[in-house]
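The values are calculated or read from the model by the stated rules, or taken from the named source; none is laboratory data. These figures come from a predicted structure and were not determined experimentally. Note that we place each Cβ from the backbone using ideal geometry, even for glycine, and neighbour counts take in every protein chain shown.
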Amino acid sequence: MADLDYSKIQIDPVKQPRIYTADLGQLDFAKLRAISKLINKSGASIAQTALYTYLARNWPEHYNRLLIEAKQNNLSPEEYFEKLVNEPK
């Protein structure tokens, strides 16, 4: 699968590139705590791994959507990616 030419993309620096999640349900949080103790890793480390896994598995599908939307907006995929990343929330 082709990917973006990241050398063409300027990403505005982010002070703290962190993701904050919505609250977990009590049972899900309890499972996370139990797992973290079983594997001796922090909940934050497990969440980071979950995000990396999501990105690796789902990037191809989202990349295809990015290509379609870039074309609809008459932008290169790199220009559209940069626009999405750098625009305010």
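Scan GLN10, GLN16 and give me the residue that is in a loop (DSSP other than H, G, I, E, B) and in contact (Cβ under 8 Å) with a residue 40 or more places away in the chain.
GLN10
Find all pairs meeting these conditions: Cβ atoms under 9 angstrom apart; at least six residues apart or on different chains; first residue within segment 20-45 and assigned to a helix (DSSP H, G or I); second residue aromatic (Phe, Trp, Tyr).
Cβ pairs passing all conditions: GLY43/PHE29.
Scanning segment 1-30 for residues that are of a type in the set (Phe, Trp, Tyr) and over 15 Å from ASN86 (Cα atoms), which turns out surrounded by the fewest Cβ atoms within 10 Å (Cβ to Cβ)?
TYR20
For (1) at pLDDT below 95; (2) under 23 Å from PRO17 (Cβ atoms); (3) touching a Phe, Trp or Tyr at 6+ places or on another chain (Cβ under 6 Å), each residue gets a yes or a no:
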site	(1), (2), (3)
LYS31	no, no, no
ILE35	no, no, no
ILE39	no, no, no
ARG57	no, yes, no
ARG65	no, yes, no
ALA70	no, no, yes
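Please list, ordered by first then second residue, the pairs with beta carbon atoms under 7 Å, 6 or more apart or interchain, first in segment 59-83 and over 20 Å from GLN10 (Cβ atoms), second among the aliphatic types (A, V, I, L, M) and loosely packed, with under 12 Cβ neighbours inside 10 Å.
So the pair list comes out as PRO60/MET1.
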